[in-house]
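Working notes, structure below.
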Amino acid sequence: LAKEKGKNNFQFYNEEINQKMLRKTQIRNGLFKAMNNHEYRLVYQPKVDITSGKAVGVEALLRWNPSFGSVSPGEFIPVLEETGMIVEVGEWVLREACIQCRNWEDKGMRISVAVNVSGRQLVEEGFVELVQKALEDSGIEPELLEIEITESIIFDVTETTEIVNQLKSLGVRIAIDDFGVGFSSLNVVKNFNFDNLKIDQSFLNDVMKNDKAAIILTSLIDIGKKLGTPVVVEGVETEEQYEFLKPLGVVGQGYYFSKPQPPERIMEFSAVRGS
Ligand code: C2E
Ligand code: MG
Ligand code: MG
Ligand code: MG
């Protein structure tokens, strides 16, 4: 009996691996056609100054809707990175976000847009020129564009510093994303000049359950303040979290304010909130 059971387990295990591999192959094959099939779009999530209640910017987030159903960025971005397709897709994201920013401005809403950039993209030859071109072609002011990079992509400090400095000299702003969860958070703030510090949502998530999490979160916010870098706290979902952040003078981003939205809804949101 035991032997039989073991055998079944083994088959079950194999089946599970098979399913995962099939899904990954389906995603990978789908991604190869996604750009030509126009299956990508961007949604935008407002960042809200908690003190004034005003939207201070939006973050562009990539969505992919293949014919076989929707796949989350957490699932498809790593595949884009592995295959190198992130370079082409990332270029599209950058250009699209700048054009959208310009469209909003033409309609009377001046708001900055943040774009996530993968490590592979950042160090790709010609990235700075690409950013410059996207700014020129859309005609937006450089300060309306913010590039979000995560500390985990900083493998080579010298090279990254060089690129970050070049981007900054274009007038573009730089944010450090998912701050606090990497291996070298404090080194990163020591070595780079960022315009925004985005604290990873895991810190706020734990605040209501865990005293230490609250101490760590307020300390991270304090680091930002002492460095003179504006702080964004990610993942504000509840009233309780909002109340916790209220006295801390930060910018919040999360479902409590708004889920990521198609561009026309951002106009409405901003009309309500008054950007
Ligand atoms: P991120 O840059 O840290 O983006 C924030 C993520 O948190 C987004 O997930 C957003 O939808 C989600 N989020 C916002 N508010 C809340 C909240 O209140 N609660 C919870 N639980 N989640 C919230 P999304 O859109 O699934 O993107 C996941 C990650 O994929 C992003 O994390 C970013 O690292 C990456 N990503 C998304 N778009 C792009 C892109 O165009 N290029 C690159 N390279 N990466 C991207
Ligand atoms: Mg981000
Ligand atoms: Mg983040
Ligand atoms: Mg993240």
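Summary table
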quantity	calculated
Meets criteria (within 16 Å of ligand 2 (Cβ to nearest atom) and more than 21 Å from E105 (Cα to Cα)) for E159	no
Unmet requirement for E143, which otherwise passes all of (1) surrounded by fewer than 19 Cβ atoms within 10 Å (Cβ to Cβ); (2) away from ligand 3 (no atom under 16 Å from the Cβ); (3) under 19 Å from the mean Cα position of the chain (by Cα); (4) modelled with pLDDT under 90	(4)
Count - residues of segment 235-271 that are free of Cβ contacts under 8 Å to residues at least 60 places away in the same chain and under 13 Å from S52 (Cα atoms)	1
Test: residue in segment 52-61 that is modelled with pLDDT of 95 or more and over 23 Å from L197 (Cα atoms)	no
Matching residues in segment 131-163 - criterion: being away from ligand 1 (no atom under 16 Å from the Cβ) and closer than 19 Å to A97 by Cβ	Q132, K133, L135, E136, D137, S138, G139, I140, E141, P142, E143, L144
Failed criterion for V233 (all others in (1) within 12 Å of ligand 1 (Cβ to nearest atom); (2) within 15 Å of V58 (Cβ to Cβ); (3) of a type outside the set (S, T, Y) hold)	(2)
All positions within segment 132-158 that are assigned to a loop (DSSP other than H, G, I, E, B), over 28 Å from V181 (Cβ atoms) and not acidic (D, E)	G139, I140
Any hit, segment 106-113, residues being assigned to a strand (DSSP E or B), within 16 Å of ligand 3 (Cβ to nearest atom) and surrounded by 20 or more Cβ atoms within 10 Å (Cβ to Cβ)	yes
Tally, over segment 197-230, of residues that are within 16 Å of ligand 4 (Cβ to nearest atom) and under 17 Å from the mean Cα position of the chain (by Cα)	8
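The values are calculated or read from the model by the stated rules, or taken from the named source; none is laboratory data. Everything numeric here is computed off the predicted structure, so don't read it as measured data. As a convention, Cβ positions derive from the backbone with ideal geometry for all residues, glycine included, and neighbour counts pool all protein chains shown.
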